[in-house]
Structures are given as structure tokens and as C-alpha cells.
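Chemist: Attaching a single structure in C-alpha cells format; questions to follow.
What follows draws every value from the coordinates through simple rules; no lab data is involved. Every value quoted in this text rests on a predicted model; they were computed, and no experiment measured them. Methodologically, a virtual Cβ is constructed for each residue, glycine included, from the backbone with ideal geometry; neighbour enumeration extends over all protein chains shown.
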Amino acid sequence: MTKDALIIGGGIAGPVTAMALRKAGLGVRLFEAYDRGSDGIGAFLTLAENGLEALRVLDLRDLVMDLGMDTPEGVIVNAKGRELATVGQPSRTLRRGDLYGVLRDEAVRRGVVVEYGKRLTDAVVSSGGVRAEFADGTTADGALLIGADGLRSRTRQLIDPGAPRPRHLGLLNTGGFAEGVKVPGRPGVSYFVFGSRCFFGYLIHPDGGVWWFANPASPKEPTAADLAAVTPAMLLDLFRNDAGPMRDIIAATPNMLPAWNTYDLPTVPTWSNSRMVIVGDAAHATSPSSGQGASMAIEDAVVLARCLRDREAPEAFAVYERLRRGRVERVVAQGKRNGDGKAPGPFGAFVRDLFLPVVLRQVAKRGALSWMFDHRIDWNEQV
Ligand SMILES: Cc1cc2nc3c(=O)[nH]c(=O)nc-3n(C[C@H](O)[C@H](O)[C@H](O)COP(=O)(O)OP(=O)(O)OC[C@H]3O[C@@H](n4cnc5c(N)ncnc54)[C@H](O)[C@@H]3O)c2cc1C
């Protein structure tokens, strides 16, 4: 049996974990369910300063600085077009597909073997290691198995068949990339508009394009038909009575992204067994409203590698969980709060517009989110 760690999932956590484990001196193999071609263009996401700094530990920060744009602050606007507050959110915003692509390419360049079309179906732990079984009938043997297989993680289920299901958050997501439209605002600033019936966010790329997303409310978990009903026409109607450039942006978007539902995982009680462990969304998916999902996945990867450098599994897994659980669950809770504010109803919107500027000024003064953005991981510190 080889001593490699088998990493399941080639999203964000997977390739970064692979590179971190190699830096820690372990051999790795990476398995991704889909073909390389399915990366697609997809939506965009934010890498917060803490995530960028975790990438720096692995000499990966410069790689992403060529993608997307710097997004150091956000401006919060109400349905009448009034600016309520400006908040610092040190980060870089980039297309998901671009991030996946550069991380995988760099992992391969550093010697990681990536196998596509390998969907994990089962895993059998023995005293000598773990055997992964894939949907195509093949198997792989390793010393450890690391589940970086996202929100619907099979690894999570294999570790604990009673693991919680993802929680529906009451917001749908769609968006796109508008072209040839002039909108008010400064490039690189994130504008968050609390529309009267729907939340909207947009950024002006320095090249002139406008990146945007919208979060129609969905109190019930949506069916496929509900998702298909989220069309440009539906969104144009939701913003009919609001001030702001939302309708112009939607109209200038050649291909709006098909809507998807948003979920989180507030607490996954069991992260590991003797040979298997989960990282990233598999362990603690957070609402996109936190802007931290990708950054948490990257931090996990670096911390897990330090633990496996300094300890043997399963002790290494226990230390990894001790170092990570409190922080990631706090981020998930913060993301839920951010998302809940997006669909407050008319009375809630009135109260929000009244108090938000004051609250956000206090938040900025006290550095209330510094725990999130200022977190740094010291690679050289022994665990
Ligand atoms: C639309 C959207 C917007 C987002 N916006 C933000 C944002 O602004 N900021 C932010 O930080 N985060 C954001 N996120 C969250 C962020 O994308 C995730 O937190 C991040 O991708 C987590 O990385 P991961 O590697 O854990 O999971 P994923 O990126 O989901 O990767 C999991 C990988 O595992 C593969 N896989 C799944 N099952 C199997 C299996 N059985 N066998 C083999 N492979 C498997 C999948 O194909 C996938 O490639 C957003 C998410 C979405 C969906």
C-alpha cells in the first residue's frame, strides 16, 4: 500500500491541500468527479485578505493577483439609491472558474497527479490505510483520505452517515457579467443594494465590464422549476420600483447565470475518523454572504498540512479540528446573519435603513471584523 494521501475533490480546498501536503513532505493523489472541461465560467467569488495571506504561505498569492480585481471596500445602498454606509472588506474578487483553473494547473506543475472522472462512492478503512472506491469501478489505496468534495460531500457521509444535511438559507443566487453599460460608481468598489424586493450586488471591473449578482428571496427550498423561473424578466420586475442601475445591468448581460440555491452547514459534529478527514465546504459550507467560503477552504488546507507535518493521524486530525472548528463556525454564523439582512420585509427594511449606518460606523470603529480578516497562519509554528 502506498503512503500517499488521497484527496477527493479538485475545487479550491483539494488542489490547495495537495500543494500544502507536498510542502509538508507528504505524497498526494487528487481525484475529481468531473472532467476538466466542466470548469465553465460560472460565477465570481471573493478571496478575503485572510485567504490571500493563507495562499502566500504556499507561494500562491501572486498567482491570483493576475486574476479579477482588488475589492477593498463595499458601499451599502438602499432602494432609494441612498448610500447608507461604506465598509472595509480587504479582498480580491475573481471568477470561480479562473481560480479553479490556476490552482489545478499550479498543483500539476508542482507534481500533483490529478485524475478526472473519478467520483468517490465508498471508502474502506483498514489498519494499514484506506481504499477509495470510485463510480467507474476503479479503486485507489492510500495512507489517508481527505474529503475536499464540497457541500454535498460523500466523504462526510462516509465518516458519519448521520451527518447533517445542508441548511437552506432562504435566498437564491444568480448573476452575470454585463457589457457596454455605464453605471455610477468607482471600479473595484462592491455596491450592495438593498432593493425593496431583492438584494443586488455589483462591481465595475477596471476594463469597464460590470460583475453582478442578485439574491431573490425563497422562503421554501426551491424546486428545479422555481430555479428555472428566475429569468432576466423576473429580475427586471423585482427591481421595477427601485432607484439604481440594476435594470440597466441586467439588460446588458448577454447570458445570465442559471439560478442556484444557497445553503450552509452550521455544525458538522464529526470531521474525521482514524484515516479520513474533511476540509472546506465539506466540513463547514458558509453562505456566499460571508464572502469567506473559499478563504476558509484555503486556511483549512494550510492548517491540516501543518498538523500532518507534525503529528500522525488520527491525532493530527484532532488537532486540526481543535484549531479550526471555532473559527469556521463563527464565520458560518456571520454569513447567516449577513444573508438574513437581505430579505427583511418592509418593516425590517425601514429599521435597517435607520440603524445600519450607525451600527456600521461602530463596527468600523471597533474593528469588529478584524477577527475574520486579520487572521494569519504561521507555517513554521509547531502544532
Ligand atoms: C455561486 C457561489 C458564489 C460564492 N461566492 C463566494 C464568495 O464570494 N466568497 C467565498 O469565499 N466563497 C464563495 N462561495 C463559496 C466557495 O465557492 C466555496 O466555499 C469554495 O468553493 C469551497 O471550496 P471546496 O473546495 O471546499 O468546495 P468546491 O469548490 O465545491 O469543490 C468541491 C469539488 O469536489 C468535487 N466532488 C464532489 N463530490 C465528489 C466526489 N464524490 N468524488 C470526487 N470529487 C467530488 C466537485 O466536483 C468539486 O470540484 C460561493 C459559492 C457559490 C456556489
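Chemist: For region 38-59, does any single residue satisfy the condition of being within 15 Å of the ligand (Cβ to nearest atom), among the aromatic types (Phe, Trp, Tyr), over 19 Å from the mean Cα position of the chain (by Cα) and more than 17 Å from residue 305 (Cα to Cα)?
Modeler: Within region 38-59, not a single residue is within 15 Å of the ligand (Cβ to nearest atom), among the aromatic types (Phe, Trp, Tyr), over 19 Å from the mean Cα position of the chain (by Cα) and more than 17 Å from residue 305 (Cα to Cα).
Chemist: Can you say whether residue 142 is small (Gly, Ala, Ser), out of contact with any helix residue (DSSP H, G or I) (no Cβ under 9 Å at 6 or more places or on another chain) and surrounded by 15 or more Cβ atoms within 10 Å (Cβ to Cβ), as far as the supplied structure shows?
Modeler: yes
Chemist: For residue 303, state whether it is touching a residue at least 40 places away in the same chain (Cβ under 8 Å) and within 11 Å of the ligand (Cβ to nearest atom).
Modeler: So residue 303 does not fit the description; no.
Chemist: From 93, 139, 86, 121, grab the single residue that is over 17 Å from the mean Cα position of the chain (by Cα), within 11 Å of the ligand (Cβ to nearest atom) and β-branched (Val, Ile, Thr).
Modeler: Exactly one residue qualifies, and that residue is 121.
Chemist: Which pairs have Cβ atoms under 6 Å, sit 6 or more apart or on different chains, and link a residue in region 133-159 that is farther than 20 Å from residue 21 by Cβ to one that is within 7 Å of the ligand (Cβ to nearest atom) and assigned to a helix (DSSP H, G or I)?
Modeler: Between residues of region 133-159 that are farther than 20 Å from residue 21 by Cβ and residues that are within 7 Å of the ligand (Cβ to nearest atom) and assigned to a helix (DSSP H, G or I), the close pairs are 151/281.
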